[in-house]
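In what follows, a structure is listed as structure tokens, so that the remarks can point back to it.
The values are calculated or read from the model by the stated rules, or taken from the named source; none is laboratory data. For clarity, every value in this text was computed on a predicted model and none was experimentally measured. Cβ sites come from the backbone with ideal geometry, for glycine too, and all protein chains shown count toward neighbours.
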Amino acid sequence: MPVETADALAMDDIGKSFGSVHALRGVSLTVRRGEIHALLGENGAGKSTLMRILDGVYPAGSYRGTVAIAGRQVALSSPHDARRAGIGYVPQEITVIDHLSVAENIFVGDLGWNWHIPRRLHARAVEFLAANRIDLDAAETVARLGPGQRHLLMIARALAANPTVLILDEPTASLVGDEVGNLFRLIRHLVAGGGCCIYISHRLHEVVELADRATVLRDGKVAARFDRGFTEDLLVEAMLGHRPQAVAAPATGVVGDEALRVERLTVPNPHRPERPLVEDLSFSVHRGEILGLAGLPGSGCCEAVDALYGRLPHTGAVAVAGHPVRLDDPRAARQAGLGLVTAERRRDGLLPNLSVAANISLACLPSVTRRGWMDRGREDALAAGYREQLSIRVPSLAASVLTLSGGNQQKVVLARALAAQPGVLFLNEPTRGVDIGAREEIHALLGVLASRGLALVVVSTDLPELLRLCHRFLVLVDGRMADAFPRAEASEARILRAAAARRMAPA
Amino acid sequence: MPTSGSGQTTEQDRGPPPHHVAPRAAGNWSGALTRLTGRPEVGALIPLVLITLVFAALSPTFLSGSSVATMLNAVAFIGIIVVGQTFLLVIGGLDLSVGSVAGLAAVVAAVLLRDFGWPVGLALPAGVAVGAVIGLANAILVVRCGIPAFIATLGMMYIARGIDYLVCNGYPIAPLPAEVRQFAEILPSGVSWALLAFITAVVAGDLVLRRTVFGRSLYAIGGNEEVARLAGIRTGLVKGSCYVLTGALAGLAGVLVMVQVNVGQPEIGAGWELDTIASVVIGGVSLFGGVGTVLGALIGLLIMQVVRSGLVSCDVSPHWQTVAVGLIMILAVGADLLRRRFRNGRT
């Protein structure tokens, strides 16, 4: 008999090992009704393992300890069990069905064996979305939704099952501006009604703003528990186990020759010819300079960078180190001395089937040959050099790249781009899904690269990151430049105001 | 409470010393061992040895010199194509038209020899060229037009077989000029042109796949084509050349069958498309691309042949061979999946 006063969720003394590796040791987590509980920790601290236990991915019996939901002890042996027991898990990766409607996606787990009647399902979805104040069109085909809306849809789908505990894993990674605020309102609305939420995020300012309590994991153990009144600094200290060292802002030092000049770059929109993705964008970057491109999703930052690396058809004039170049495909861009670090490691950053060394050498294969044959010694030497330079933590260069943590995977992608010896490097979300330690290291490295004369163009939705890294900023709105200013005039507020400016006005 | 092994770096790690190469001494032995057991072909080598030993125990003549030579000559034709098929599976493609292409190449070469009086030195390369041309057609359909490889090459399988029968009007092309027999008999008995071509193809294919930039590009494309493209690899060209190469190898195999049997049989190559794919898959090459080696595919091919010949030498009905091949393929892939799940479960 569940007791009304019982905690919504009580995980007690959980232990889980993989072979000889202890992923979790004696971890306890309680979440009360009406509470937003933040679960924090660096990548590899054990958050995902703990949540997979709760989601039934690691079945009961494969770990030690007990799980109780609403006071009743449960043995979850599959995600289906977890759903029925009241766990609503919204993973970080987008898992929606593209060719179905929003309504069908919401109830996809709950269609039953009855005839599928779209009209009824639609009505049910409209009612559900309104009741939960979720701003989605039930009839829309999911393929047309942006990443933020897709994430919202996944949350709606989880909510539709009426979960006792809602788990949100990095829910704001693909959201911006208003969407974040809307999500927070949605979560608060949910817990006000007696639900509760486990909130996992690397964005600590959000956690401080939103969460009632927090549990911090480190090395598979609970490092700290916080009630109200925690600060970002306290959280960081608990996650790292020591005070973070302040990273010196990159020197706004000597800026060299012009490395890249872009004039009137226009990237047509294949679906809406009257509204190009990027329109008449002109800018230049100098050696030793880090340029930040800021804007909401759809503002054209990513598309501008993709076009300049030859991934999208475009018009306009581009000169690299003073020489005009044609960037018809990535190969041409690479040969012109451009490099790109893509935003999504899994989708277009990593070769999952190959070793760390092979991932690093990919863009400069001819340089690791001897008389035309691949030379393992040279390849390993190249990779070892970057392992050292980027502090890539990997037991062996022959290990599969998938065994690395997110931060180390990102460093591998970065190493590959650097190994091609570019003069201009584009970075799209250089530290997305990367833990704090690796993030600091990557930021420091980018500063060093700039000081050695590389020109960098960084696109990031993470404004503190941009502000910290860049010497100069461009803000894009609807594919056009809305504002440009040097570091001295930059602030989060100025970027946000510029980025949101024209959106407000009727387009 | 600070714990060790949290993977924190110290600040001095950050000043990157350019290209300092760490000394590599210890740990290479265990590394080599992991590398060996981690290789997909090892999974296939053990059953090959076991199955061979079982048949050798059941039938004393099974491992005799002549029996082994017969087996090798029998796998040679398919073996030539297996090399190309391995390349294709590594890039995530496949070619179902190889059998028909072999038949067409054989018949075209036979017609050129018999009716047009071409010398062997021209007619046989012409047969190979026919294979390459059909491979090029496959390449254009798959790479340029974006038709799935399964559909494009399945269509080509019918087209090539149809043309094959049109060229010879349904009848075997015989008698061939005496020159053909003479060409086959240059070699000492027990060795065939097909065997030589097979061994050459396997050795060259293995080297290309493991030791060249081209080979690495194949793995990159099979692992993630977009990543390969971004790294500056000409993915279309690389993929296309795999189809052309496979077509040419299929043509070569067909022509060599014709030389061996001294007749331009239109049925040459029937069923080879699935035999080659089965061999490659049994040898640990993933149908999803990015994984596998020529050596593994060779082992897969040998497993199939050992089981077939072994059953014959034990007087089992030949129809059981077909059942056995099917069973082996499912078992091999199933075992590979289990092995992978086991490995992944531990990491």
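Observations on the structure shown:
- Residue in the range A:304-314 that is within 14 Å of chain B (Cβ to nearest Cβ), buried (at least 19 other Cβ atoms within 10 Å of the Cβ) and under 20 Å from the mean Cα position of the chain (by Cα) present: yes
- Qualifying residues in the range B:216-240 (those that are within 7 Å of chain A (Cβ to nearest Cβ) and outside any helix (DSSP H, G or I)) - the one surrounded by the fewest Cβ atoms within 10 Å (Cβ to Cβ): B:ARG234
- All positions within the range A:210-226 that are within 14 Å of chain B (Cβ to nearest Cβ), in contact with a strand residue (DSSP E or B) (Cβ under 7 Å, 6 or more places away or on another chain) and not in a strand (DSSP E or B): A:GLY220
- Lone qualifier among B:TYR243, B:TYR219 - being farther than 24 Å from B:CYS145 by Cβ and in contact with a helix residue (DSSP H, G or I) (Cβ under 9 Å, 6 or more places away or on another chain): B:TYR219
- Looking only at residues of the range A:321-340 that are surrounded by fewer than 23 Cβ atoms within 10 Å (Cβ to Cβ) and not in a loop (DSSP other than H, G, I, E, B), we find that the one that is farthest from the other protein chains (Cβ to nearest Cβ) is A:PRO324.
- Close pairs from the range A:385-409: first more than 8 Å from chain B (Cβ to nearest Cβ), partner in a helix (DSSP H, G or I) and among the aromatic types (Phe, Trp, Tyr), Cβ under 9 Å, at least 6 apart: A:ILE392/A:TYR386
- Residues in the range A:251-270 that are within 28 Å of A:VAL325 (Cβ to Cβ), out of contact with any His (no Cβ under 7 Å at 6 or more places or on another chain) and modelled with pLDDT under 85 were compared, and the one that is farthest from the other protein chains (Cβ to nearest Cβ) is A:VAL254.
- Counting only residues that are surrounded by fewer than 24 Cβ atoms within 10 Å (Cβ to Cβ), under 21 Å from A:ARG346 (Cβ atoms) and touching a strand residue (DSSP E or B) at 6+ places or on another chain (Cβ under 6 Å), the range A:421-440 holds 1 of them.
- So A:GLU388, is it touching a His at 6+ places or on another chain (Cβ under 7 Å) and either surrounded by 17 or more Cβ atoms within 10 Å (Cβ to Cβ) or closer than 18 Å to B:GLY232 by Cβ (or both): yes
- Among residues that are at the interface with chain B (Cβ under 8 Å from one of its Cβ atoms) and either at pLDDT below 95 or in a helix (DSSP H, G or I) (or both), A:SER367 is not included.
- Restricting the range A:370-384 to residues that are among the aliphatic types (A, V, I, L, M) and more than 7 Å from every other protein chain (Cβ to nearest Cβ), the residue that is surrounded by the most Cβ atoms within 10 Å (Cβ to Cβ): A:ALA383
- Just one of the listed residues (A:ASP7, A:ASP98) is of a type in the set (D, E, K, R), in contact with a strand residue (DSSP E or B) (Cβ under 9 Å, 6 or more places away or on another chain) and outside the structural domain of A:GLY195 (by TED's automatic domain parsing), and it is A:ASP7.
- Qualifying residue in the range A:22-37 (condition: modelled with pLDDT under 90 and within 14 Å of chain B (Cβ to nearest Cβ)): yes
Quick grid of which residues meet (1) on the phi < 0 side of the Ramachandran plot; (2) among the hydroxyl-bearing types (Ser, Thr, Tyr); (3) in a loop (DSSP other than H, G, I, E, B); (4) out of contact with any Lys or Arg (no Cβ under 6 Å at 6 or more places or on another chain):
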position	(1), (2), (3), (4)
A:LEU265	yes, no, no, yes
A:HIS271	yes, no, yes, yes
A:ARG275	yes, no, yes, yes
A:LEU281	yes, no, no, yes
A:SER284	yes, yes, no, no
A:GLY288	no, no, yes, yes
A:LEU293	yes, no, no, yes
A:SER299	yes, yes, yes, yes
A:CYS302	yes, no, no, yes
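- With respect to (1) outside the structural domain of A:LEU463 (by TED's automatic domain parsing); (2) touching a Leu at 6+ places or on another chain (Cβ under 8 Å), the lone exception for A:ASN428 is condition (1).
- Residues located in the range B:260-276, provided they are surrounded by 24 or more Cβ atoms within 10 Å (Cβ to Cβ) and assigned to a helix (DSSP H, G or I): B:TRP272, B:GLU273, B:THR276
- One residue stands out in the range A:153-191 among those that are in contact (Cβ under 8 Å) with a residue 24 or more places away in the chain and of a type in the set (Gly, Ala, Ser): the one that is nearest to A:ALA6 (Cα to Cα), namely A:ALA161.
- Residue list for the range B:94-152, restricted to those being among the basic types (Lys, Arg) and either more than 25 Å from B:ALA174 (Cα to Cα) or not in a helix (DSSP H, G or I) (or both): B:ARG144
- Each residue in the range A:444-454 was checked for being in a helix (DSSP H, G or I), surrounded by fewer than 18 Cβ atoms within 10 Å (Cβ to Cβ) and at the interface with chain B (Cβ under 10 Å from one of its Cβ atoms), and 1 of them qualify.
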